[in-house]
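Taking it in order: structure first as structure tokens, then the write-up.
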Amino acid sequence: MKRILLIFLVSSCSVSKQTLYEKEIKNNEGIKGFTALEIFSYGGTDEIWGIEKDNCKSFSYSTLDKSMNMEMIRQEKNKINNVLPDTEMSSELPEISLNVKVRKPKNSLHLKVKNMNCEWIGMGIGWASWAGKNIAPALDHAAIEFYARVDGNPIYALPIVFILEDYSSRQCYATANYLGIEGGVIGNEWTKIIIPLSTFSYDINDEIDLTNIKQIMLQAFNKVDVYIDEIRLVPFDFKYKKVPAQLTIQDTIFPINILDVNKDVIFGIDERYCSNFKINPAKKSINISIESDICDWNNIGISWNSWMYTDLSNDFKRLHLEMEFNEVLYKPFEIVFEDYNGKKMSLSSEEGRKYTKGLSSNISLSFKQFPIRKSKIDFKRLKQISFSFEEDTNIELTKLYLSKK
């Protein structure tokens, strides 16, 4: 099954707390004849797949429910934790062994992504018993509404792409815009989030059959720990002009400085848990010192166009990857380019021309050296570049860019 990914759409907004989609139309008789409005309200049915745990994700059902008052629950827990017994209680009742299977309610989805090293991280819902669904008449009159909350610190963006797929595996997709998040923040209380159907990329993916939708999929493109409940289609009066989604950046101006990016598009660096990689903001460099006795993490990656599709299809035969670094101890490392279908092409740094002057070194690799044909990588949908380093490597990556020769 083809897998795709989307990034956040950047919007400007006022400082007042409001949602982009202000007016909800109350209608209980369907939307332009479309009546399969309930997508998810509880789990455990055969309409849902992907609720599982692996090295990258922990997707499960939760007993938490959107209807619960989370503040009241926290207060009750605090009361219980703060009450100490005045006297010791004892019981002379005999011990009884019971074999009782307790079924926990599957009220909501708990989506937890631990790392991004898996090919695809997501799940799907074939609502309405997997029937083909004609949403075409409702495109300009409906939105996907759901509720989300987190246990820890609030988040201001939801790194999940929502994908509509037809019965020919063709897809279109959208993410939750900042202004579609009620109040602009997802915290410990259930927060309403709106994604109008008209913001999905069906205008780009014009082959998708909107009269025969099979399922909706949720795909994570960054680490997240969030609860989601009450996914449904609701009537909406969408008063905003649809702007065609710009999902692809075609790089035409070279050289491209890959290190000149926001740290949010660099994965594998978190000094709270592992000091093998450190960013030097002043120098825009990355210090790499691999010590497995401290932590065993040895991979980093960069999506230099902020997780958008990167199109290098017109120039890839002329491109070179240029790297400069200061070395204390250099060991050959693996360089990987990956597209949004999970296809990868990799090469060892040893394959490049290495020039050394003092402690400074330079490596140049032509794209022609990569196994392009064997990898079947799609240069119209590049996702990221990543690196895998060996034990005891100690270098400072000072320059990383693409050049055209």
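Observations on the structure shown:
- Among the GluC sites (Glu not before Pro) within segment 280-351, those in coil by DSSP and having at most 16 neighbouring Cβ atoms inside 10 Å are GLU291.
- FRET efficiency, GLU390 to ASP237 (Cβ-Cβ, R0 45 Å, nearest 0.05): 0.20
- The relative contact order of segment 255-320, computed from alpha carbon pairs under 8 Å that lie at least 6 residues apart in sequence, is 32 percent.
- Counting Lys and Arg as +1 and Asp and Glu as -1 over every other residue whose Cβ lies under 9 Å from the Cβ of LYS214, the net charge comes to -1.
- 3J(HN,Hα) couplings calculated from phi for segment 38-47 with the Karplus curve 6.51 cos²θ - 1.76 cosθ + 1.60 (θ = phi - 60°) are, in sequence order, 7, 9, 8, 9, 7, x, x, 8, 7, 7 Hz; Gly and Pro show x.
Values in this text are rule-based calculations from the coordinates and carry no lab data. Since the structure is predicted, the reported quantities are computational estimates derived from the model, not experimental observations. Positions of Cβ are backbone-derived with ideal geometry, glycine not excepted, and every protein chain shown enters the neighbour counts.
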